[in-house]
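These notes are about the structure you will find just below.
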Amino acid sequence: MRFSTLSLIATVASAAFAFAAPSPRAFPATGAIEARSLHDINSIISGTTTSLTPLIQELYSIKQNNATVAGLTPVINDIESVLNNAITDVKALAGEALATILTTTEGVQLTVNQVALLVIGLVNLIFGAVYAVIQTVSALETAVVYPLLASVLTLLATLIQLICGLIAGLLAELIPLVGNMIMTVVSILGLSTTYTFLIVGAACNA
Ligand SMILES: *[C@@H]1O[C@H](CO)[C@@H](O)[C@H](O)[C@H]1NC(C)=O
């Protein structure tokens, strides 16, 4: 898994290099992934993770000077566009046989628990970067920056719910994997209702 993700990153990175456009925000990685036909959940989550990785690094580069709506909007828009592509891909899996959804391009059929680990990896990747921004943003900016961060996590909640809708038993495997950092971010951003499905009892703390 790790190796195939790394080779995918290398492939996408070289594609990004080959197609390097004048605009620094050109999006060859997304195009490269969309060009493949994605019939399994592993491909979608791996491709999404690959596309998100440079954007997540940008979030970690945010300092107080650019922890602002102007500084964050371009990267947030790009992250949302990657998540929207993932949502489209997951919706396209509806109607496929469960075995097809679970079988990687290498022909390995994942267990539901393995899918849960992939999903929580993606969730932690995004939440971790959002948490870093939360810790950076000045008190003066929170009122405008928090809704921007919340919009990404709302889209992520939709993606998680769509994936759980495809695979029976996945949500039950996912819930115990949710850590304190996720709960903290959900609470700070006022997303308890949105994340009730994942965080048992979250609505009580809203
Ligand atoms: C934010 O500003 C820092 C310098 O303070 C810079 O290194 C970083 O690349 C900037 N990040 C983004 C996403 O603009």
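What follows is calculated from the coordinates using simple rules that are stated; it is not laboratory data. The shown structure was predicted, so the numbers you read here are calculated from the model rather than taken from an experiment. Cβ placement follows ideal geometry from the backbone for every residue including glycine, while neighbour counts extend to all protein chains displayed.
Once C-alpha pairs closer than 8 Å and six or more residues apart are averaged by separation and normalised to the residue number of the stretch 32-103, the relative contact order reads 56 percent.
If you look at the Cα atoms of the stretch 62-195, you get an Rg and a Dmax of 16.3, 52 Å. Peptides 171-182, 125-136 ranked from most to least packed give 125-136, 171-182, packing being the mean of other C-beta atoms within 10 angstrom over each peptide's residues.
Spin-label pair Ser61-Thr142: with each label point 7 Å from Cα along the Cα-Cβ axis, the two points sit 2.7 nm from one another.
Efficiency by 1/(1 + (r/R0)^6): what FRET value for Ala99 and Phe197, r their Cβ-Cβ distance, R0 = 25 Å, to the nearest 0.05? After rounding to 0.05, the efficiency reads 0.45.
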